[in-house]
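The values are calculated or read from the model by the stated rules, or taken from the named source; none is laboratory data. On a predicted model such as this, the values are computed, not experimentally measured, just so you know. Using ideal geometry, Cβ is built from the backbone for each residue, glycine included, and neighbour counts are taken over all protein chains shown.
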Amino acid sequence: MNGGSFVLNILILGVPFSVALLLAGLGETINQRAGVFNLGCEGIMAMGAFVAFLPPYFLAGTSLAGSANLIGLALAMVVGTVLGLLFALVVVTFRAPQGIAGIGLQMLGWGIAGTLFRHYVGGVTGVPGIAPMPIPVLSKIPVLGQVLFNHNPLVYIAFLLVPVFWYILFKTPWGLKVRAVGTYPRAADSLGIRVARVRYQALALGGAMAGLAGAYLSLAQAKMFADDLVAGRGFIAVALVYFGRWHPVGVMLGALLFSLAQALQLSIQVAGIDFPYEFAVMLPYVLVIVVLALVRKARMVGPTELGKPFDREQRV
Amino acid sequence: MGHEPIRSLELRGITKRFPGILACDHIDLSVGEYSVRALVGENGAGKTTLMNILMGLYQPDEGHILINGKEVRFRSPNDAFDHGIGMVHQHFMLVQNMTVVENVALGMKSAHLPFRLDLASVRKKIVEVSERHELPVNPDAMVWQLSVGEQQRVELVKTLCLGARFLILDEPTSALTPQETDELIALLSKMSGELSIVFISHKLHEVKALSDTVSILRRGRIVFEGRTENHSPSELAALMTGHEVELPRVDSTGLDRSGDRGLLSIRDLRVRGDRGNLALDGVTLEIAPGEIIGLAGVSGNGQRELAEALNGLRRPESGSINLDGVELAGSSASRIIAEGMGYIPEDRNTEGIVPSFSVRENLVLKDIGQRDWSRGGFLRLGAIAANAAGLRERFDIRCPSTDTAAGSLSGGNIQKVILARELARGPKALVAVYPTRGLDMGAEEFIHKQLLARRAEGVAILLISEELEEIMNLSDRVAVIYKGKILKVVPGRDATKRSLGLLMAGVSDE
Ligand SMILES: Nc1ncnc2c1ncn2[C@@H]1O[C@H](COP(=O)(O)OP(=O)(O)OP(=O)(O)O)[C@@H](O)[C@H]1O
Ligand SMILES: [Mg+2]
């Protein structure tokens, strides 16, 4: 294997790796912009991965097998939305501490998905998964075509969602409300904006995105389900939102950086390069920590009321 | 605006309780068309609470609101907006990391198109309103870049853009410079020809200048109502506090300090501001024991940087700060506190107290490590509570209990908590920044007396203020700061409003 194809391999591997992080990260960006951080992202992803896996698994060989993947994706988003709303009930309406509630949701999602999987499915079973969809013409471009235009449809969708989320956040009335509610809920409230409602909506969208991210893992990336499938990606997605300074493009860059490091790490192992394997595995995580520590702390960008419940009649 | 214009608005029997406190106690208040009603009263009297009820932000426990004789219920500010009521809040309701247009757009439902925010129409509206009322604002500035005065203007423009025909202004002048205040009062009296206004202020000359009728609140009750023109400011002050208010004056006749060494001496101090500019450019001041130096100046001329440098919150570039023989320039805040510097900061909520801590905890915050309040790593809760009970009594801090979170007190009472802590520590020197901003007359009188009492005990006091009255009443000497330099130091008894005003504008006679 020569150097050029080694790098090419990393790129081809890394781009699809980033999709689960990107989808979950975009959702979490909306959550946090609205002032709520959802550590339960990991649990929602596990549930999403699990329910998305079910239709292809049970419908195999029936007349519905053709649309099983789509049903799975839709199911994952519905379940994600429901879990997002459940989280909203706990932290917005009941004002529970967000960190603890998030960890609770993470364990709940992970536990339910794992238990149901063992009960109804059992051992490791693959599904056909979502097939690649090379883009005509573009995928024929040397190098670039292979890196960017030779993936399954969810990869394209995820990257197209970056500008969509940017637009939602900065160009729509709802995005404006989301940002206001996360930074100075009292001001938003004084203008007649319903803080709780906006936070519910944000958490519902964030949940749907996390569910979709989970579905991507089981249907497109691994093409199977196992109860440790998500493997901390939900937490990484939360960290990437800080990393990306609450901006969809920043989150995308973070997801790519992390995934490329992951791909590099795998390639090092596969190529049998003499490099301690433990360090290689650590690489992506160390990279995120180092970059997080080094990026300049710009004031006045993020949601300053992140993590704090709002009560109109409470002064502090 | 689905409703007919407000010809009369009436509050009847409004009552609101908070844990441990009756904030509004069966309040009746009415406002007619095209008139200005002033609402005054001590800190914590319930003015803001009453207006929040009128805006639909708080729900009253009892009582109702009538518009044109018909009862209405406001469940959220949207209901109040629908009737054309708008409020400029005591604390700015502006999202700091958004632009002015975005802040206005947040409340302008007509700009909320299904898939797009129509910022162009909002900008047009802002320009229209700001030209019509001569309130210049830059629609594209980020709010955090604006000065306090500019933010106040944005708040007013925002409220007008939202179509308010009935304006509530909760202490709109408390953070403005004297000039800005005059401009605002002039603007409001012009606008009162086409709007109804409720105006809250602690400054009775503003009330006199602007309002037709005045209501006085004391401890949640209306204690007086009448036409403004029939009553003098001192009469109103007496009605407000329940006693004659007479602001004390310093007596520095016959004092000659030329031989004294400074207790607090500042030499050639250079300090950079937030934007890297030289905010203090060689400031030298000597403050003798038992002397009050008033630092007059339009805010933004280096006052904040000076106060911060003196208290170890900002590192000086060069120069010396000497307190009673100890060099403190560049020392940490904790060392400076230990050496006996007292500080009443400008921003109470973020620098003066920890809002979520109780009053009693805030009162010992600076000395928590000392034997009085802790022993062997354990707090002496009894002593801390006893200390708070004593100070609450002495400084007349109005709070349900000293266990209440300090952040839930009214602005004036938060200020008293800080003052109580700083003075009870027995400092050698005291830096007081706008110590009476937002305070009622009674509290102002009280704080002035306290400052003079400390002066008599030999504390060196630097009083930073924009209120010339306050400076002239209290200072042995007045220093005028302009663009980071001390322009001139004059004896307090020689200072006149006119001469100080000129100096503050940078005109020195040399
Ligand atoms: N949200 C709240 N929670 C608890 N107590 C409150 C709350 N809002 C007001 N209070 C209490 O109600 C009383 C009235 O407060 P309010 O803010 O209306 O006073 P104010 O007249 O506006 O005073 P100031 O001149 O200092 O602004 C105070 O004792 C205050 O501590
Ligand atoms: Mg008030």
*Could you run through region B:442-491 and say how many residues are within 16 Å of ligand 2 (Cβ to nearest atom) and under 20 Å from B:P345 (Cα atoms)?*
2
*asked:* Residues that are more than 14 Å from chain A (Cβ to nearest Cβ), within 22 Å of A:G175 (Cβ to Cβ) and touching a Cys at 6+ places or on another chain (Cβ under 9 Å), at least 1 per element: which helices (runs of 4 or more DSSP H) completely within region B:73-169 meet that?
replied: B:119-132
*Might you check whether a residue that is more than 26 Å from B:Q450 (Cβ to Cβ), more than 28 Å from the chain's Cα centre (by Cα) and at pLDDT 90 or above occurs anywhere in region B:247-262?*
no
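Please specify each residue of region A:254-271 satisfying the condition of being among the β-branched types (V, I, T) and either in contact with a strand residue (DSSP E or B) (Cβ under 9 Å, 6 or more places away or on another chain) or without any contact (Cβ under 8 Å) to a residue 12 or more places away in the chain (or both).
Scanning region A:254-271 gives a single hit, A:V270.
Within the group A:R118, A:R95, which residue is closer than 28 Å to A:L306 by Cβ and charged (D, E, K, R)? Reasoning before the result, please.
Values: A:R118 fails: closer than 28 Å to A:L306 by Cβ.
Result of the check over A:R118, A:R95: A:R95.
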*Could you tell me which of the residues B:S30, B:S35, B:S76 is hydroxyl-bearing (S, T, Y), without any contact (Cβ under 8 Å) to a residue 24 or more places away in the chain and closer than 18 Å to B:S196 by Cβ?*
B:S30
*Is there a residue being of a type outside the set (D, E, K, R) and either within 16 Å of ligand 2 (Cβ to nearest atom) or at pLDDT below 90 (or both) anywhere in region B:384-394?*
no
*Could you pull out every one of the helices (runs of 4 or more DSSP H) wholly within region A:101-199 that has 3 or more residues that are within 14 Å of chain B (Cβ to nearest Cβ) and surrounded by 14 or more Cβ atoms within 10 Å (Cβ to Cβ)?*
A:153-171, A:173-183, A:185-190
*Members of region B:19-49 found to be assigned to a helix (DSSP H, G or I) and either away from ligand 2 (no atom under 13 Å from the Cβ) or within 14 Å of chain A (Cβ to nearest Cβ) (or both), listed by number*: B:T48, B:T49
*Would you mind telling me which numbered condition in (1) more than 20 Å from B:R398 (Cβ to Cβ); (2) within 16 Å of ligand 1 (Cβ to nearest atom); (3) surrounded by fewer than 15 Cβ atoms within 10 Å (Cβ to Cβ); (4) not aromatic (F, W, Y) B:A38 fails?*
(3)
*Here are B:I85, B:I21, B:I6: which of them is surrounded by fewer than 22 Cβ atoms within 10 Å (Cβ to Cβ), away from ligand 1 (no atom under 13 Å from the Cβ) and β-branched (V, I, T)?*
B:I6
*Could you tell me which numbered condition B:N52 fails, if it satisfies all but one of (1) more than 12 Å from ligand 1 (Cβ to nearest atom); (2) under 25 Å from the mean Cα position of the chain (by Cα)?*
(1)
*Restricting attention to strands (runs of 3 or more DSSP E) lying wholly within region B:453-510, give those where 1 or more residues are touching a Phe, Trp or Tyr at 6+ places or on another chain (Cβ under 7 Å), modelled with pLDDT of 90 or more and not polar (S, T, N, Q).*
B:460-465
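How about region B:58-75: which of its residues are surrounded by 16 or more Cβ atoms within 10 Å (Cβ to Cβ) and more than 10 Å from ligand 1 (Cβ to nearest atom)?
B:P60, B:G63, B:I65, B:I67, B:V72, B:F74
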*Of all residues in region B:50-72, how many are within 14 Å of chain A (Cβ to nearest Cβ) and on the phi > 0 side of the Ramachandran plot?*
1
*Answer residue from region B:401-440, given it is within 11 Å of ligand 1 (Cβ to nearest atom) and of a type in the set (A, V, I, L, M, F, W, C) and is nearest to the other protein chains (Cβ to nearest Cβ) among those*: B:A405
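Residues are listed down the side, and each one gets a yes or a no for (1) surrounded by fewer than 21 Cβ atoms within 10 Å (Cβ to Cβ); (2) in contact with a Leu (Cβ under 9 Å, 6 or more places away or on another chain); (3) closer than 27 Å to B:L236 by Cβ:
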| residue | (1), (2), (3) |
| --- | --- |
| B:V459 | no, yes, no |
| B:L474 | no, yes, yes |
| B:V480 | no, yes, no |
| B:K483 | yes, no, no |
| B:P491 | yes, no, no |
*For region B:11-18, does any single residue satisfy the condition of being within 16 Å of ligand 2 (Cβ to nearest atom), aromatic (F, W, Y) and in contact with a helix residue (DSSP H, G or I) (Cβ under 9 Å, 6 or more places away or on another chain)?*
yes
